Amino acid sequence: MAAVGGRTYGVLSPFVGGDYYGTIIAGANRAAVSGGDRVLALQALDPGSYTADRSGLPDYRRPVSWGRVAGLIVLTGAVHPSYVEGALAAGLPVVTVGHSVAGCSSVFADNSSGVRSAVGHLVGHGHERIAFAGHLAHQDIRERYESYGSALAGHGLTAPPDLVFDAGDNHESGGEAVADRLAAAGMPATAVVCGTDRNAIGLIRRLAEAGRTVPADLAVIGFDDIADAMYMRPSLSTVRQASDDIGAVAVALLSELAGVEGAAPVVRRVPTGLVTRDSCGCPPTGLPVTEDLTRYLFGQVCKLQATLDVQHLLGVELLGAHDHDPRELGWLKRTTAFAGCLGLWRDDAVPALDTELRVEGEYPAGHDVVGATMPVSEFPPPRLFELADGAAGEAVFVVPIRSAIRDWGVLAAVGQIQEATPPGSEMMNHSGALLAASLDRGAMVAALREQEQRLRDAALHDPLTGLPNRVLLADRLRQAGLRAARQAGHRFAVLLLDLNGFKAVNDSLGHAAGDVLLVEVARRLTGLLRESDTVARLGGDEFVVLLDGLPADGAETLVRDTIAARLTEPYLIDGGRVSVGVSIGVALSGEDGAGPDDLLRRADAAMYQAKQEARVRAGSSSGPSHPSTR
């Protein structure tokens with residue numbers, strides 16, 4: 001592993017892999033490593049996003065890793081200009097790639113020279129009706145369009161509006177839409193310059209589906225020179241931009257700006273060159289076949305197969321039926337990443353602030369970072385940078401963990417920079433999406449279980465006192481009866497309680513005071529009994545005590561007298577003292593084989609007898625026969 005030191009440069013990108021973004025990041029990494037530095041790749045799009053164009057500008061506002069980096073390289077489509085302005089205000093130098101922001105230096109491909117060469121080449125083939133197709137919302141594409149117009153003018157031609165097509169995105173789908181519009185217009189052009197290779201590939205594919213051939217019906221030149229361009233049929237003529245060189249130039253420029261205050265913004269352009277193949281009308285040259293190229297391509301196939309395997313295993317690991325907590329990051333062993341760290345926001349996190357994260361998981365475990373808190377500007381922990389071997393093409397990646405339901409936090413992982421997959425198909429985007437889905441599912445299951453428990457509690461407990469209700473009491477009585485039947489000598493008792501004078505409290509002090517009295521009675525009863533016993537409220541001022549397992553003969557009488565003494569002690573309600581009486585009936589198991597229902601009836605009869613005896617005693621005494629509420 002290479003020694004760790006120097007500066008860290010953040011590369012903020014819609015995706016952190018793929019044959020465009022990944023190649024830029026790889027070039028930036030190689031340049032950084034050669035200077036003793038390193039890169040940190042930051043994904044701005046929500047994980048699971050399909051394309052950068054269709055997803056729109058990410059809602060990315062937090063200063064992720066600002067405290068860890070010496071500067072930021074911001075790729076086109078990653079963030080709103082206000083984010084860049086905030087980084088500049090915080091003292092971070094920023095270099096943009098493929099777009100301009102006021103006050104920032106920037107790096108572009110030399111769009112002008114490449115497109116001029118493409119137009120000149122088509123004119124040389126005899127074309128005059130040359131169209132342009134591209135996603136004009138992007139500054140890079142607008143520069144290519146402007147160069148197309150000036151190149152035509154240089155050859156004495158014009159760019160009529162009906163030959164300019166906004167593709168709507170930079171992908172195959174945009175090219176397919178352009179092909180449909182060309183066909184609907186009766187093929188008004190004989191050649192077309194496309195803003196990207198993927199636009200060109202989609203256009204050629206749709207034309208072939210319609211029975212048209214390239215270049216006989218339409219000559220096509222793309223821009224980028226992605227790997228697919230050489231191997232498609234017909235092979236695609238294109239303007240090659242060295243994306244890895246763009247990343248390297250961005251790092252070099254950022255290195256120049258780091259530590260320099262007040263430097264004037266500069267623009268660096270990376271050379272491009274026309275690569276002629278079959279689609280422009282040049283004679284076919286066939287594929288360059290060498291042993292080295294064959295081995296390289298076989299290696300790429302193996303990597304792609306490994307990517308498919310990883311995606312399958314991740315789906316099983318994160319979305320399958322198991323008890324593993326995805327926060328623990330054990331599932332990372334299924335991926336090409338070999339270390340990681342997960343930080344989750346507090347529930348009250350505010351997106352625009354330097355919000356605090358709590359580390360909820362690490363991989364591999366055992367480094368004692370779980371439970372640590374840090375502002376998002378200081379994430380990820382330094383240990384991850386120590387594990388990344390930049391010289392071997394490894395880097396630290398950070399992806400947001402966010403779904404349509406919830407913004408969870410951020411995931412950092414150490415692994416190989418992926419340059420061969422289409423943008424968005426790389427491991428970090430896929431992992432982040434599945435992790436967010438797994439966390440969503442876990443939260444949903446927890447909420448359903450909590451709701452189920454609340455419903456169960458509501459069905460089995462008294463809403464005022466929280467005590468078991470008649471339904472739960474019946475179950476507890478049944479269980480006590482079963483234990484008594486199985487275990488010789490196991491006895492239980494049922495005590496039925498009724499408050500004397502409760503109605504007078506309601507009438508004199510109001511129902512709210514009566515409710516307070518009932519809650520306090522429940523609290524006193526619960527405090528007197530064992531955990532194995534049950535206190536239930538049947539309704540009104542009636543309570544039942546189940547003494548499950550009597551330790552000795554006469555224990556129920558002792559409990560009855562203790563309850564009576566405790567419940568007749570004064571209560572403090574609304575600043576006044578309230579006293580009530582209590583009548584208690586007792587029934588014991590084992591008497592004539594009585595069942596739970598019989599015991600309740602016997603306890604009820606005994607309670608009424610006790611109440612009647614209390615009335616007789618009260619009538620023969622000179623004291624008050626109603627509760628005291630002084």
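The values are calculated or read from the model by the stated rules, or taken from the named source; none is laboratory data. For clarity, every value in this text was computed on a predicted model and none was experimentally measured. Here the Cβ positions follow ideal geometry from the backbone for every residue, glycine too, while neighbour counts run over all protein chains shown. These area figures cover heavy atoms from the full protein model, side chains too; ligands, DNA and RNA do not enter into them. Shrake-Rupley method; radii C 1.70, N 1.55, O 1.52, S 1.80 Å.
Brief remarks follow.
- Tally of residues being open to solvent by 90 Å² or more (accessible area, probe 1.4 Å), out of contact with any helix residue (DSSP H, G or I) (no Cβ under 8 Å at 6 or more places or on another chain) and either part of a helix (DSSP H, G or I) or within 18 Å of residue 587 (Cα to Cα) (or both) across the range 442-484: 9
- Of the residues in the range 30-49, none is touching a His at 6+ places or on another chain (Cβ under 6 Å) and either over 18 Å from residue 380 (Cα atoms) or not small (Gly, Ala, Ser) (or both).
- Hey, residue 311 surrounded by 11 or more Cβ atoms within 10 Å (Cβ to Cβ), of a type outside the set (A, V, I, L, M, F, W, C) and touching a His at 6+ places or on another chain (Cβ under 7 Å) or not: yes
- Taking the criterion of being part of a helix (DSSP H, G or I) and of a type in the set (S, T, N, Q), the residues of the range 100-154 that qualify are 111, 112, 113, 117, 139, 147, 150.
- Near pairs, Cβ below 9 angstrom, 6+ apart or cross-chain, from the range 197-218 (under 20 Å from residue 282 (Cβ atoms) and open to solvent by 60 Å² or more (accessible area, probe 1.4 Å)) to any residue that is part of a loop (DSSP other than H, G, I, E, B) and of a type in the set (Ser, Thr, Tyr): 217/190
- Annotation for the range 289-302: no member residue is open to solvent by 60 Å² or more (accessible area, probe 1.4 Å), in contact (Cβ under 8 Å) with a residue 24 or more places away in the chain and of a type outside the set (A, V, I, L, M, F, W, C).
- In the set (1) at pLDDT 95 or above; (2) surrounded by fewer than 18 Cβ atoms within 10 Å (Cβ to Cβ); (3) under 30 Å from residue 69 (Cα atoms), residue 263 fails one condition alone, (1).
Here's the yes/no breakdown for (1) more than 18 Å from residue 414 (Cα to Cα); (2) of a type in the set (Val, Ile, Thr):
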{"site": "281", "(1), (2)": "yes, no"}
{"site": "301", "(1), (2)": "yes, yes"}
{"site": "306", "(1), (2)": "no, no"}
{"site": "312", "(1), (2)": "yes, no"}
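- Any hit, the range 357-369, residues being of a type in the set (D, E, K, R), in a strand (DSSP E or B), farther than 21 Å from residue 429 by Cα and open to solvent by 20 Å² or more (accessible area, probe 1.4 Å): yes
- Cβ separations smaller than 7 Å between residues 6+ apart or across chains give the following pairs from the range 521-536 residues that are within 13 Å of residue 468 (Cα to Cα) to residues that are assigned to a loop (DSSP other than H, G, I, E, B): 522/465; 522/467; 535/467; 535/529; 536/467; 536/469.
- Contacts under 8 angstrom Cβ, first residue in the range 596-617 being surrounded by 15 or more Cβ atoms within 10 Å (Cβ to Cβ), partner assigned to a helix (DSSP H, G or I), 6 or more apart: 596/474; 596/477; 596/478; 596/480; 596/481; 599/477; 600/477
- Those strands (runs of 3 or more DSSP E) lying entirely in the range 371-439 with at least 1 residues open to solvent by 10 Å² or more (accessible area, probe 1.4 Å), in contact (Cβ under 8 Å) with a residue 60 or more places away in the chain and of a type in the set (Lys, Arg): 394-402
- Filter pass, residue 84 being free of Cβ contacts under 8 Å to residues at least 24 places away in the same chain and in contact with a strand residue (DSSP E or B) (Cβ under 7 Å, 6 or more places away or on another chain): yes
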